[in-house]
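Participant: I'd like to ask you about the structure that follows.
The values are calculated or read from the model by the stated rules, or taken from the named source; none is laboratory data. If you're wondering where the values come from, they're calculated on a predicted model, not measured in any experiment. Positions of Cβ are generated from backbone atoms using ideal geometry, with glycine treated the same way; all protein chains shown enter the neighbour counts. For the accessible areas, the whole protein counts, side chains as well, though only heavy atoms, and no ligand, DNA or RNA atoms are used. Shrake-Rupley method; radii C 1.70, N 1.55, O 1.52, S 1.80 Å.
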Amino acid sequence: MEPTPQSELEHIAHRWIAEGWRRGNSGVVDELHAPDFVDHDPGGRPPDNAGFKLGIERLFAAFPDLVAEVRDLVVDTKSRSVAVRWSAAGTHRAPYLGAEPSGQPVKFKGIEILRIRDGRITERWGEWDGIDLLNQLGRVEL
């Protein structure tokens, strides 16, 4: 039986989080992203697949024990988009966002919107609670 569009989209989004954001596997980009993928919120990285891989690698270098969890997942089959609300926690072990490693645990959260065509992620929009993360890293005070 062929998967419904909703289950296919859910599966891709869950796998993307599990491989990229739970295991730190930047190879998931090669498997799940379209060759012409565009990251609309690249956070200072190139807005393409290479930049996205770099983001995963930098994040896991800084937080090697990072654990990300899906909190909500909403599918829009008409636009073939998935919204993922997530949270993550890890220990700050290497420089990140200009902050030297503190050895302290941090928690942060965000929302990703993925557009998926033909089984591949073609676009991503993402918003993280950057101020809270920078506060935990000692870069800003609230």
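Participant: Accessible area, 1.4 Å probe, largest first: how do K109, K78, K53 sort?
Facilitator: Final ranking, largest accessible area leading: K78, K109, K53.
Participant: Among G98, G90, G20, determine the one that fluctuates most according to a GNM of the chain built with springs between C-alpha atoms less than 10 Å apart.
Facilitator: In the Gaussian network model the winner is G98.
Participant: Work out the length of the dipole vector of the chain about its Cα centre, built from +1 on the beta-carbon of each Lys and Arg and -1 on the beta-carbon of each Asp and Glu, and round it to the nearest 20 debye.
Facilitator: 180 debye
Participant: Further, regarding this structure: Name the long-range amide H neighbours of L137: under 5 Å, sequence gap of 5 or more, or other chain; modelled H, no Pro or chain starts.
Facilitator: Amide H to amide H, under 5 Å and 5 or more residues apart or across chains, L137 pairs with nothing.
Participant: Not counting ligands, DNA or RNA, and with a 1.4 Å probe, what is W86's accessible surface area in Å² rounded to the nearest 10?
Facilitator: Number for this one is 20 Å².
Participant: Something else about it: Using the alpha-carbon centroid of each, what span in Å lies between region 9-73 and region 99-142?
Facilitator: Taking the Cα centre of each part, region 9-73 and region 99-142 sit 11 Å apart.
Participant: Within the chain, what whole-number % of the accessible surface is contributed by carbon and sulfur, with the 1.4 Å probe and all protein chains included in the calculation?
Facilitator: 51 percent
Participant: In Å and whole numbers, how far do the C-alpha atoms of the chain stretch along each principal axis, longest first?
Facilitator: Per principal axis, max minus min of the Cα coordinates gives 50, 27, 23 Å.
Participant: Explain nothing, just compute: Karplus ³J(HN,Hα) = 6.51 cos²θ - 1.76 cosθ + 1.60, θ = phi - 60°, for every residue of region 33-40 in order, whole Hz, x for Gly and Pro.
Facilitator: Result, rounded to whole Hz: 8, 5, x, 9, 3, 10, 9, 6.
Participant: Read phi for every residue in region 110-124 and hand back ³J(HN,Hα) as whole Hz from Karplus 6.51 cos²θ - 1.76 cosθ + 1.60, θ = phi - 60°, with x for Gly and Pro.
Facilitator: x, 9, 10, 10, 10, 9, 10, 9, 6, x, 10, 7, 9, 8, 9
Participant: Given points 7 Å out from each Cα along the Cα-Cβ axis, report the I131 to E8 separation in nanometres with one decimal.
Facilitator: 4.1 nm
Participant: Extending each Cα 7 Å along its Cβ direction at R120 and Q104, get the distance between those two points in nm, one decimal.
Facilitator: The modelled label-to-label distance comes out at 4.2 nm.
Participant: Still on this structure, please answer the following. Output ³J(HN,Hα) for region 86-98: one whole-Hz value per residue in order, computed from phi by the Karplus curve 6.51 cos²θ - 1.76 cosθ + 1.60 with θ = phi - 60°, and x for Gly and Pro.
Facilitator: 9, 9, 8, 8, x, 9, 6, 10, 8, x, 7, 6, x
Participant: How high is the relative contact order of the chain, in percent, with contacts defined as C-alpha pairs under 8 Å that are six or more residues apart?
Facilitator: Value for the chain: 23 percent.
Participant: Which cross-chain or sequence-distant (5 or more) residues have an amide H under 5 Å from the amide H of D48, H modelled 1.01 Å from N in plane?
Facilitator: Placed amide hydrogens put D39 under 5 Å from D48.
Participant: Ignoring ligands, DNA and RNA, what accessible area per residue does the chain give at 1.4 Å, in Å²?
Facilitator: Computed with neighbouring chains in place, this is 54 Å² per residue.
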